[in-house]
Amino acid sequence: MRYELWISFRYLISKRRERFISIISFISIAGVAVGVMALIVVLAVMSGFDNDLRDKIVGTNSHVIIEKEGGIADYEALAEKVSALPHVIAAAPFVNGQALIKQKDQVTGIIFRGIDTEKEKYVTNIEKYLTVGTFDLKNNGVMIGKELAWRLNLTLGDEISLISAANPRPKLFKVAGIFNSGMFDYDMNLMFTNLGAAQEFYAIGDMAGGIGVKVDNAYKADEIRDEIQSLIGFNYWARSWSDLNKNLFSALKLEKITMFVILALIVLVACFNIVSTLIMMVTEKTKDIGILKSIGASNATIRNVFILNGFFIGFLGTALGAAGGFILCYLLKTYQFVKLPNDIYYMDRLPVDLNIMDAGTVIIAAIFISLVSTIYPAWQAARLEPVEALRYE
């Protein structure tokens, strides 16, 4: 072990003549630890929100949607053509539109979607979200969300009246299933029926409003979307799930960056305490510096001693904060003791997804800021002349 390292370590753990310096050192370590822990936990929660929301959006909708002005007449042939592309798992037609539910004295607007139940289960996860009833939506059967069922007091077998812009006369449907996607907007505003019933309801004949496509990697949906667009031509337009939710995920990304900057200020403030600690330590150790220089220690040696001392403080605070952050993330993810109102946050628990890259960035940034904070005090210590340091001793 080089003697600069040994001296700096002794300065850190030895008793001080001025107890106040020890208190400031402890506050510096605690400040860095709290800042690092807060950063790791908040970024993990932000990543959890991002991933949870992405999974729910992609689970209820397809990865890529193909649409055409006025609808798609040859949807079966087009779906087969697209399914033959590499990385495409399945394709299924759908009809999407708005409708009004008239239930007793209540009238509610919804998105009414017609699907091919045999193909849809290979494109989205909507069948997996089914909690009660059946996914076989024959004979004007519909599948509604849990929140809508609760709001309108509907159960399996109940009849509901739907009104469309194409036909103002109410049409009766029967509740065949209830699903729970975990996202309030979908569970409240989305209703499914079979493709033929939706075509009849909207009076569009044998046409589809679009084709949903599932790919083997949701994060490469934009690349595959471009391949699909090249295949089908510009009479159609293809959009990926990220295109349809671009503003939402851009806002989430901006919030994550903003939270990182704000919480990094906690670490920065703690590092000012490191500066104060080292400046007071230089004052306290003036005689030691004079003795070291008088026996041949160079300016670089003195500078390294105090840089290493500040590094130990920053490293210890970072290590404690990282450990605390990892433990808190594990507890939040395992026991889910923080509950959220799902009509506001789209989920009923605090999602946590600890990203190693995010945690690594926080740790490296904290250690770097700690090192930068040592430069001025170490430089001042190295400037001391042996004669000036020992004049009054």
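The values are calculated or read from the model by the stated rules, or taken from the named source; none is laboratory data. All values reported here derive from a predicted model rather than from experimental measurement. Because the Cβ atoms are built from the backbone with ideal geometry, glycine has one as well, and the counts that use them run over all protein chains shown.
Descriptive notes on the structure:
- Criterion: within 30 Å of His87 (Cα to Cα), part of a helix (DSSP H, G or I) and in contact with a Lys or Arg (Cβ under 9 Å, 6 or more places away or on another chain) - qualifying residue of Ala221, Ala198: Ala198
- Any hit, the stretch 49-71, residues being modelled with pLDDT of 90 or more, in the same structural domain as Ile356 (by TED's automatic domain parsing) and in contact with a Gly (Cβ under 9 Å, 6 or more places away or on another chain): no
- Taken as a whole, the structure places Phe184 among residues that are at pLDDT below 90 and either among the aromatic types (Phe, Trp, Tyr) or crowded, with 17+ Cβ neighbours inside 10 Å (or both).
- Filtering Leu292, Leu316 for residues that are in the same structural domain as Phe49 (by TED's automatic domain parsing) and modelled with pLDDT under 80 leaves a single hit, Leu292.
- Selection status of Glu227, charged (D, E, K, R), assigned by TED's automatic domain parsing to the domain that holds Lys146 and either part of a helix (DSSP H, G or I) or closer than 30 Å to Val42 by Cβ (or both): no
- Residue satisfying all of: in the stretch 64-87; charged (D, E, K, R) and free of Cβ contacts under 8 Å to residues at least 60 places away in the same chain; surrounded by the fewest Cβ atoms within 10 Å (Cβ to Cβ) among these: Glu69
- Among the conditions (1) under 30 Å from Ala381 (Cα atoms); (2) surrounded by 18 or more Cβ atoms within 10 Å (Cβ to Cβ), the only one that Arg225 does not satisfy is (1).
- Residues in the stretch 249-264 that are more than 30 Å from Val58 (Cα to Cα) and in contact (Cβ under 8 Å) with a residue 40 or more places away in the chain: Leu263, Ala264.
- In the set Lys119, Lys128, Lys104, only one residue is more than 34 Å from the chain's Cα centre (by Cα) and not aliphatic (A, V, I, L, M); that residue is Lys104.
- Every pair of residues 6+ apart whose Cβ atoms lie under 9 Å, when the first sits in the stretch 307-333 and is within 15 Å of Asp358 (Cβ to Cβ) and assigned to a helix (DSSP H, G or I) while the second is among the hydroxyl-bearing types (Ser, Thr, Tyr) and modelled with pLDDT of 85 or more: Thr318/Ser370
- Thr108 meets each of the listed conditions (1) in contact with a Lys or Arg (Cβ under 9 Å, 6 or more places away or on another chain); (2) in contact (Cβ under 8 Å) with a residue 60 or more places away in the chain; (3) closer than 15 Å to Leu190 by Cα; (4) not small (Gly, Ala, Ser) apart from (2).
- Filtered by the rule that a residue be surrounded by fewer than 19 Cβ atoms within 10 Å (Cβ to Cβ) and at pLDDT below 80, the stretch 327-379 gives Phe337, Val338, Lys339, Leu340, Pro341, Asn342, Asp343, Ile344, Tyr345, Asp348, Arg349.
- Test: residue in the stretch 272-294 that is within 18 Å of Thr60 (Cα to Cα), assigned to a helix (DSSP H, G or I) and not hydrophobic (A, V, I, L, M, F, W, C): no
- Of the helices (runs of 4 or more DSSP H) lying entirely inside the stretch 56-160, not one is found with 3 or more residues being among the hydroxyl-bearing types (Ser, Thr, Tyr).
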